[in-house]
Amino acid sequence: MNKLREGRADDIRPCIRCNQLCTGNAFFGKAIGCAVNPEVGYEAERIITPTDNPKNIAVIGAGPAGLEFARVAGLRGHTVTVYDKEERVGGVLLPAATPEFKRELFKMIGWWERQIAMIENVTIELNHEVKPGGPELEGSDVIVVATGSHPFVPSSIEGAENGVDVLAFHKGAEIGKRVIVCGGSLSGADSALELAQDGHEVTIVGMADEVARDMLMLNRTSLLRVLDQHDVKILAGTTVKAIRTDGITAETAEGTVELDADTVVTAFGLKPATELGESLGAQVLTVGDCVAPRKVGDAVNDAYALAFEL
């Protein structure tokens with residue numbers, strides 16, 4: 001309320017409606033937290049104060065983990081430079097949070113931009129790819145790698161090059177009318193909904209018995225209802241064997257099936273982008289999806305805790 005009275009509505013941290021650590025934790029009898037405000041539940045302990053030992057810190061990656069680390073480390077008095085090879089901050093959130101039903105998640109990017117802009121000792125260098133031995137790392141007391149993750153396609157699937165990666169779809173890759181989304185996780189289901197809302201005929205093909213099993217039950221119920229409203233077909237218990245230019249070959253309990261499509265979107269999951277961290281050696285700190293791909297709240301909370309302890 002104080003921020004509203006002072007005319008600082010833009011400084012209010014957006015709720016991303018994930019229910020992950022608030023409603024979700026309460027449902028399972030756990031202490032309440034927040035995916036984007038790591039101080040919730042720790043109000044008496046997590047009070048950001050100036051450090052007695054300010055350091056020069058290089059952060060590689062301007063996704064949720066890199067941005068949150070930079071914000072907290074900067075408030076503590078460290079001199080922080082964030083490097084990212086893209087032209088905008090946000091990491092995977094930037095393309096993935098564009099649909100209307102993810103507008104709150106997208107607003108978090110702007111919130112980080114505004115908060116960091118007010119911290120004089122934090123600088124963001126975009127269009128700047130850091131390589132091992134790069135001069136930007138010289139003189140850094142601490143190097144934090146927050147390089148995120150890479151799309152993953154099982155090596156057993158033939159013709160993977162014929163598919164369109166889910167991130168490429170979010171970045172604007174051309175998609176045909178009839179679409180098969182390979183992968184029934186949250187990423188695949190969300191993408192299927194976005195495609196269906198845009199007028200595509202969509203089928204989700206997932207190996208598990210249920211779609212979006214990695215999603216909080218309360219959110220999953222709503223997602224499944226909306227997918228049904230948009231006539232998204234779901235083929236669970238189906239294993240993709242090959243991706244063709246005109247569809248897929250898959251294995252079901254009844255045998256092999258051929259499914260036709262104009263575009264096949266692959267959303268099998270992610271693997272951590274460990275290459276840069278490994279090449280820099282043991283002196284670096286890693287945070288976010290480059291440690292293990294998880295949800296936004298995990299990256300943000302881990303990054304806060306890491307910066308708070310420096």
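The values are calculated or read from the model by the stated rules, or taken from the named source; none is laboratory data. Everything quoted here is computed from the prediction, not taken from an experiment. Here Cβ is always computed from backbone atoms with ideal geometry, including for glycine, and neighbour counts include all displayed protein chains. Areas reflect the complete protein model, heavy atoms only, side chains present, ligands, DNA and RNA absent. Shrake-Rupley method; radii C 1.70, N 1.55, O 1.52, S 1.80 Å.
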Unique residue being assigned to a loop (DSSP other than H, G, I, E, B), surrounded by fewer than 19 Cβ atoms within 10 Å (Cβ to Cβ) and either acidic (Asp, Glu) or touching a residue at least 12 places away in the same chain (Cβ under 8 Å) (or both) when the list is Glu161, Glu174, Glu251: Glu174
Test Leu216 against the stated conditions and say whether it is open to solvent by 30 Å² or more (accessible area, probe 1.4 Å), of a type outside the set (S, T, N, Q) and in contact with a strand residue (DSSP E or B) (Cβ under 6 Å, 6 or more places away or on another chain). no
Would you confirm whether or not the range 81-90 contains a residue that is hydrophobic (A, V, I, L, M, F, W, C) and farther than 16 Å from Ser140 by Cα? yes
Return a yes/no flag: does the range 41-50 have any residue that is among the hydroxyl-bearing types (Ser, Thr, Tyr) and outside any strand (DSSP E or B). yes
Within the range 104-125, is there a residue that is open to solvent by 80 Å² or more (accessible area, probe 1.4 Å), part of a loop (DSSP other than H, G, I, E, B), free of Cβ contacts under 8 Å to residues at least 60 places away in the same chain and among the charged types (D, E, K, R)? yes
Could you tell me which of the residues Val205, Val284, Val257, Val240 is surrounded by fewer than 16 Cβ atoms within 10 Å (Cβ to Cβ) and of a type in the set (A, V, I, L, M, F, W, C)? Val257
Leu223 in contact (Cβ under 8 Å) with a residue 12 or more places away in the chain, farther than 23 Å from Asp260 by Cα and not small (Gly, Ala, Ser): yes
Some residue of the range 266-281 being open to solvent by 10 Å² or more (accessible area, probe 1.4 Å), in contact (Cβ under 8 Å) with a residue 12 or more places away in the chain, aromatic (Phe, Trp, Tyr) and touching a strand residue (DSSP E or B) at 6+ places or on another chain (Cβ under 7 Å): yes
Of the listed residues (Pro54, Pro64, Pro38, Pro135), the one being at pLDDT below 95 and either farther than 27 Å from Ser191 by Cβ or open to solvent by less than 30 Å² (accessible area, probe 1.4 Å) (or both) is Pro135
Test set (1) among the aliphatic types (A, V, I, L, M); (2) without any contact (Cβ under 8 Å) to a residue 60 or more places away in the chain; (3) within 18 Å of Leu310 (Cα to Cα); (4) surrounded by 15 or more Cβ atoms within 10 Å (Cβ to Cβ) - Ile48 fails condition number: (2)
Of everything in the range 13-31 that's hydrophobic (A, V, I, L, M, F, W, C) and touching a residue at least 40 places away in the same chain (Cβ under 8 Å), which residue is most open to solvent (accessible area, probe 1.4 Å)? Phe27
Regarding Val80, is this residue open to solvent by less than 30 Å² (accessible area, probe 1.4 Å) and more than 28 Å from Leu195 (Cα to Cα)? yes
Near pairs, Cβ below 7 angstrom, 6+ apart or cross-chain, from the range 297-310 (closer than 18 Å to Asn53 by Cβ) to any residue that is in a helix (DSSP H, G or I): Leu306/Phe69; Ala307/Phe69; Ala307/Val72; Ala307/Ala73; Phe308/Val72; Leu310/Ala73
Would you mind stating whether Ala70 is outside any loop (DSSP other than H, G, I, E, B), at pLDDT 95 or above and either in contact with a Lys or Arg (Cβ under 6 Å, 6 or more places away or on another chain) or under 20 Å from Ala292 (Cα atoms) (or both)? yes
